[in-house]
Ligand code: FES
């Protein structure tokens, strides 16, 4: 039998939790779905279970997730953990989980899909032993697991953050290869005045860099090309810097070059997306409240544009209040009163973004592979050369590329390669990413078994019969 | 190799990994526990048979797929360790395509 709620929330990171809490304040019935065991999302992963020592290493920004998770637990929202939502639409959604699944109707849906790490398509990035810095941090957050003697490669605050956390925990780091573009510091300076509106965040960044500088870790700057070498697994990293090629033996490498919105669900829902040239990513087009081009759908948090955990919680609350208003449970004046301070606080958080986005803008060569033998779609092992051939034969975009190469048709359904494919086609064809467009995401959004799909239907028929 | 930062007070349970018995922390993230146990690779690709291990740890890449309790295509980064679980390497994964074709 199909259930019904006023609001369904997808994702239990800061945005999802805040949306649920806000909507509950107005008496909306709320069901929240998330793939993880406990609330927190990626940023606060393992927040309810992390030991004190681990929390100390992860720092106060991580601990800030605790009260939010507690508020969510106390809110009265129904939490569906370990849930895979595989269909979303105007009439609600379908999910599956180890404890069963089903269908649920919802008056409004807030997608708080969060961020994912930008793909780092370089030679050898599919080798065992290579993972993202975010993955390394998740292993630290949720499992307290660390690996000695890894090489950290890339750019962006998260790479520095994980390195700092490793140093704090006394874990050896073999080397850091910094791919930050040499001129981006100058370009970012223009955005510094605006960024000064958020001095705490700036000071934190400087503190991390100072900690790394004071350590014994070797840092190689201006890295312009990276290759990960090995047969069955990673054995070495090779790179080109200003003084030529270098090589270092290692069994583990952590890659990172910033995060992008995880747009899979909003794309599947079919709301309008825009290409954000500063963040080099697609994001759903939203108003201050997270309303999208579809009246039943709101998007909140990093999934609607990268802005960080604090901004995510604020945007989640805005979406929760807006959903209450749009469902006739909060009047316009009430929404206005609640929203004003939230919007103001969120704008303060956003003030830092142009500076950070410009400073850590990943180099074109690291986003769009130049060599034909680099894998662009990990699932189907499609190479850059395959894409180049397809474009030369007139393939205009990612959806047509599927029939040329199977790119985006593996189990991840284009989640990981989407932005690489868009930018590679754009670079090869000379078209703008916005014009190239993104994969059309079909249902089921995640590979599910026939039983998952048929199961609830049969159940429904049985109930009716 | 990934190692634990702290000795957790958690109960350890037995999991069968590719036929051998491995002690793991109950309720730990399965992919993390498998990495620590030296399970490698997690799967091989259907296209070239290349070995793969977890890349994203957050449900995006599907490189952590393995056969869990006889069910193929389980994202081990989204599973937790339970007593008596069985895990096996996933070869080729024609099954991934089967699922896709069936849906
Ligand atoms: S490691 Fe990427 S989906 Fe599990």
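Only the coordinates and a few stated rules stand behind these numbers; no lab work does. A quick note: this is a predicted structure, and the numbers were derived from the prediction, not measured. FYI the Cβ positions are ideal-geometry reconstructions off the backbone, even for glycines, and counts take in every protein chain you see.
The relative contact order of chain A comes to 19 percent, based on Cα pairs under 8 Å that sit 6 or more residues apart.
As I understand it, the value is the acute angle between the Cα axis of helix A:199-214 and the longest principal axis of the Cα atoms of chain A; what does it come to in degrees, rounded to 10? Once rounded, one gets 40 degrees. Within 10 Å of the Cβ of each residue in A:129-140, the mean number of Cβ atoms contributed by other protein chains is 5. Secondary structure note: in segment A:119-257, about 40% of the DSSP beta bridges are antiparallel. Taking Cα atoms only, the orientation of helix A:309-326 departs from the longest principal axis of chain A by about 20 degrees. Between residue A:183 and residue A:348, the simple spin-label model (points 7 angstrom out along Cα→Cβ) gives 3.6 nm.
Taking packing as the residue-averaged number of other Cβ atoms within 10 angstrom, the listed peptides B:47-54, A:137-144 run from highest to lowest as A:137-144, B:47-54.
The mean count of C-beta atoms from other chains within 10 Å of the C-beta of residues in B:46-55, rounded to a whole number, is 6. Here the contact order of segment A:368-465, divided by its residue count and restricted to Cα pairs under 8 Å and six or more residues apart, works out to 25 percent.
For the pair segment A:62-138 and segment A:1-57, the centres of their Cα atoms are 9 angstrom apart.
Mean per-residue shielding of peptide A:324-330 is 0, counting Cβ atoms of other chains within 10 Å of each Cβ. If R0 is 30 Å, the Cβ-Cβ spacing of residue A:285 and residue A:74 corresponds to a FRET efficiency of close to 0.35. Of the peptides A:258-267, B:66-75, the order by per-residue mean of other Cβ atoms within 10 Å, starting with the highest, comes out as A:258-267, B:66-75. Our summary gives segment A:10-144 a relative contact order of 29 percent, counting only alpha carbon pairs under 8 angstrom and 6 or more residues apart.
Among beta bridges identified by DSSP and lying wholly in segment A:2-113, the antiparallel ones come to about 35 percent. Between residue A:66 and residue A:3, the contour length at 0.36 nm per residue exceeds the alpha carbon distance by 19.7 nm. Can you give the direction-averaged projected area of the convex hull of the alpha-carbon atoms in the protein assembly as shown, in nm²? That works out to 25.0 nm², a quarter of the Cα hull's surface.
For residue A:105 and residue A:443, the FRET efficiency from 1/(1 + (r/R0)^6), where r spans their Cβ atoms and R0 equals 22 Å, is about 0.85. Multiplying the residue separation of residue A:431 and residue A:336 by 0.36 nm and removing their Cα-Cα distance gives an extension gain of 30.1 nm. Bridge orientation summary for the protein assembly as shown: considering DSSP beta bridges with both residues in this region, about 55 percent are antiparallel. A crude spin-label estimate for the pair residue A:219 and residue A:238, with each label 7 Å from Cα along the Cβ direction, gives 2.7 nm. The protection proxy used here, the mean number of other Cβ atoms lying within 10 Å of each residue, ranks peptides A:62-72, B:31-41 as follows, highest first: B:31-41, A:62-72.
Between the Cα long axis of helix A:450-464 and the first principal axis of chain A there is an angle of about 10°, rounded to the nearest 10.
Over the Cα atoms of segment A:119-257, the radius of gyration divided by the Kirkwood radius equals 0.98; this is the Rg/Rh ratio. The order of A:296, A:239, A:245, going from fewest to most other C-beta atoms within 10 Å of their C-beta, is A:245, A:296, A:239.
Largest first, the extents of the alpha carbon coordinates of segment B:12-102 on the three principal axes equal 38, 23, 21 Å. Could you give the nm distance between label points at residue A:399 and residue A:370, where each point is 7 Å from its Cα heading toward the beta carbon? Between residue A:399 and residue A:370, the label points sit 3.4 nm apart. Normalising the Debye intensity of segment A:368-465 to I(0), with uniform scatterers on Cα atoms only, and taking log10 at q = 0.13, 0.15, 0.20 Å⁻¹ returns -0.49, -0.59, -0.88.
Applying 1/(1 + (r/R0)^6) with R0 = 30 Å to the Cβ-Cβ distance of residue B:69 and residue B:6, what FRET efficiency is obtained, to the nearest 0.05? Using R0 = 30 Å, I get an efficiency of 0.55.
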